[in-house]
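J.: What follows is a structure written as structure tokens; I'll ask about it next.
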Amino acid sequence: MMELLTGPWPWYVTGPLIGLVVPMLLLAGGKQFGVSENLRHMCAAAVPTKAEFFNYDWRGGIWNMTMIVGVLVGGAIAALFLSSGDPIALSDAAIADMSALGITEFNGLAPDSIFTLEGLSTVNGLIMIVGGGFLVGFGSRYAGGCTSGHAISGLSDLQLPSLIAVIGFFAGGLIATFFVLPWLL
Amino acid sequence: MNKPAYTRRLGLYLLIGVYFGIVLTKSEAISWYRIQEMFRFQAFHMYGIIGAAIIVGLISVQLIKRKGARDLDGQPINIPPKNMGSGTRYWLGGTIFGLGWALTGACPGPMFALIGNGIWVMLPAVVAAVLGTWAYGALRPHLPH
């Protein structure tokens, strides 16, 4: 039983379980699933600004910020109690491509050469972690949502703007993967 | 809602978040490697997760709408449609977001789950994301939407 929980969970189990967050939030309080909205709340609550965009009562987003604290706790619970520690079963093709770019180890969740404090202190690591984070924050608010708000929540409601945003997500991801990362890795 | 009820409800959102954090981690969707594999079209894994999540979300939303379901407070559930405008914000903002998604290998939800997994460099990534949001707010009057 425990091995079933600590081993990898197949996509056809985790995908539907992620999708269920949409009705959970709607039924709990008519709330819509969208994680990046929290970045705006954090800004409005903690960063001094005169911009009109942050001139609203961020307390209305306390429920969402509470949820995101839960996501952090959930990540820790999964890491501490539900992890086998085995490397992720990536496809051979992906390992071959990433190896060709100079990635040498595939243990854990992300390459240690970049996603550690040592990696962060390199120019390339800084671009990927801090530059990438900045683009995620800028782009998600510009687009009015991220993977949860547009790809899952928006497409679940058959919203055309969300479909356009998701196509944008992939366009940006492909540009970064094939034209930017080869220079950084 | 009175105060104790409000606090209880926050507890419920916290629990939903814990659930989401566990499932996200176990799905491996928080892995930089999995995101690379997805953008290189070298496995079905991420497409399966996102596709199955949308199908379950879609069925749930349709059921909630057709049955006229109410939330725990007994309020009708309404989902406001997104305003298309010129559409620029969706493709341009989406593309900017996608660039960041592939570089960090994490969208906002997974960033928080990764911190929980002890990937501490996601903390500066979240701070940078908040600053990116701040920059968008400052530039918003000058950007096409």
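J.: Can you compute the helix-only [θ] at 222 nm over chain B? Use -39500 (n - 2.57) per DSSP H run of at least 4 residues, normalise by all residues, nearest 500 deg cm²/dmol.
T.: Here the helix-only value at 222 nm equals -23000 deg cm²/dmol.
J.: Moving on. Within the protein assembly as shown, how many Lys pairs sit with Cα atoms under 21 Å apart, leaving out pairs fewer than 8 places apart on the same chain?
T.: 5
J.: Please compute the average number of Cβ atoms from other chains found within 10 Å of each residue's Cβ in peptide A:94-106.
T.: 2
J.: What does a probe at A:S121 reach in segment B:102-145, counting residues whose amide N is under 17 Å from the point 7 Å along Cα→Cβ?
T.: Only B:120-122, B:124 fall inside the zone, counting backbone N under 17 Å.
J.: Mind running the shape call on segment A:114-185? Use the C-alpha gyration tensor, a ≥ b ≥ c as the square roots of the eigenvalues: rounded below 1.5 for a/c, prolate if a/b tops b/c, oblate otherwise.
T.: Since a/c reaches 1.5 and a/b is larger than b/c, the shape of segment A:114-185 is classed as prolate.
J.: Moving to a separate point now. Please give the FRET efficiency for A:L5 paired with A:L158, using the beta carbon to beta carbon distance and R0 = 22 Å, rounded to the nearest 0.05.
T.: 0.05
J.: Then there is this: Just checking the output field for A:109-120: average partner chain Cβ neighbours within 10 Å of each residue's Cβ?
T.: For peptide A:109-120, the averaged partner shielding equals 5.
J.: Rounded, prolate or oblate: which one fits chain B, using the alpha carbon gyration tensor with axes a ≥ b ≥ c (rounded when a/c is under 1.5, else prolate when a/b beats b/c, else oblate)?
T.: Judged from the Cα gyration tensor, chain B comes out rounded (a/c under 1.5).
J.: Using helices alone, I'd like the mean residue ellipticity at 222 nm for chain A: each DSSP H run of four-plus residues gives -39500 (n - 2.57), total over residue count, nearest 500.
T.: -15500 deg cm²/dmol
J.: Can you list the DSSP H helices in chain B whose Cα atoms extend at least 30 Å along the helix axis and whose mean Kyte-Doolittle hydropathy is 0.5 or higher?
T.: Both cut-offs are met by B:3-27, B:45-67.
J.: Got a sec? Which residues in segment B:39-79 would a label at B:K3 touch, if it sits 7 Å along Cα→Cβ and we count backbone N under 19 Å?
T.: none
J.: What does the average come to when, for each residue of peptide B:67-78, you count the partner chain Cβ atoms lying within 10 Å of its Cβ?
T.: 3
None of the figures in this text is laboratory data; all of them are computed from the coordinates on show. Just so it is clear, the model here is predicted, and its values are computed rather than measured. So basically every Cβ, Gly included, is an ideal-geometry build from the backbone, and we count neighbours across all protein chains shown.
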